[in-house]
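Trainee: My questions will all concern the structure given below.
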Amino acid sequence: MEPTYAVYWSEADGPRYVGRIGVAGTFVELAGTTAGGGRSLARILFGELSGSRYERGRLYLERYSGAGLEIGSLDRPGALREFAQRLRTAIEPDSPAARDAGVAAGRMTTRGILIGVDGSATQAA
């Protein structure tokens, strides 16, 4: 897994969790606890994400089905924006941002398409 970041998050009207977020392979991983001691380990596949945006110090992850997530940082200044960029690079390996970062092709995009090293695109199984 790439570096993780200290965050808090919640889904819709659900409880607020405090923990970490990171990108691992083809998914986002959130692990944390609530104030009441409830625990959560969530893995969201890139193909489940319909969109994301970073706005006013928060990262919003939207899913094709299920509640979206609102994520805030408990890490150093700029850490959540950095994570948002890492996520975009991981999800869109063919993007200009990914090419600038030197990311190798071959990861899954939000549309479930695998981009091969040679630039070919195939539907993920």
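Coordinate-derived values only; no laboratory data. Since we're looking at a predicted model, the values are computed, not measured. All Cβ positions, glycine included, derive from the backbone under ideal geometry; neighbour counts span all protein chains shown.
Trainee: Taking the Cα-to-Cβ direction at residue 39 and at residue 2 and moving 7 Å from each Cα, how far apart do the two end points lie in nm?
Mentor: Those two pseudo-labels are separated by 2.7 nm.
Trainee: On to the next question. Which length gain, in nm to one decimal place, applies between residue 31 and residue 54 when the Cα-Cα distance is subtracted from 0.36 nm times their residue separation?
Mentor: The residue 31-residue 54 span can extend by a further 6.3 nm.
Trainee: Something else: Treat every Asp and Glu Cβ in the stretch 5-91 as -1 and every Lys and Arg Cβ as +1, leave all other atoms uncharged, and give the resulting dipole magnitude about the Cα centre to the nearest 20 debye.
Mentor: So the dipole magnitude of the stretch 5-91 works out to roughly 220 debye.
Trainee: Quick one: which residues, 5+ away or cross-chain, put their amide H under 5 Å from the amide H of residue 68? H built at 1.01 Å from N.
Mentor: Residues meeting the amide H criterion: 12, 63.
Trainee: Then there is this: The stretch 13-30 to the stretch 35-72: how many Å between their Cα centroids?
Mentor: 7 Å
Trainee: What net charge is computed for the residues neighbouring residue 52, neighbours being all others with C-beta under 9 Å from the C-beta of residue 52, Lys and Arg scored +1, Asp and Glu -1?
Mentor: Within the 9 Å Cβ shell, the charges total +1.
Trainee: Report, by chain and number, residues whose modeled amide H sits under 5 Å from the one on residue 74, excluding near sequence neighbours (fewer than 5 apart, same chain).
Mentor: Here the answer is 6, 7, 8, since their amide H atoms fall under 5 Å of that of residue 74.
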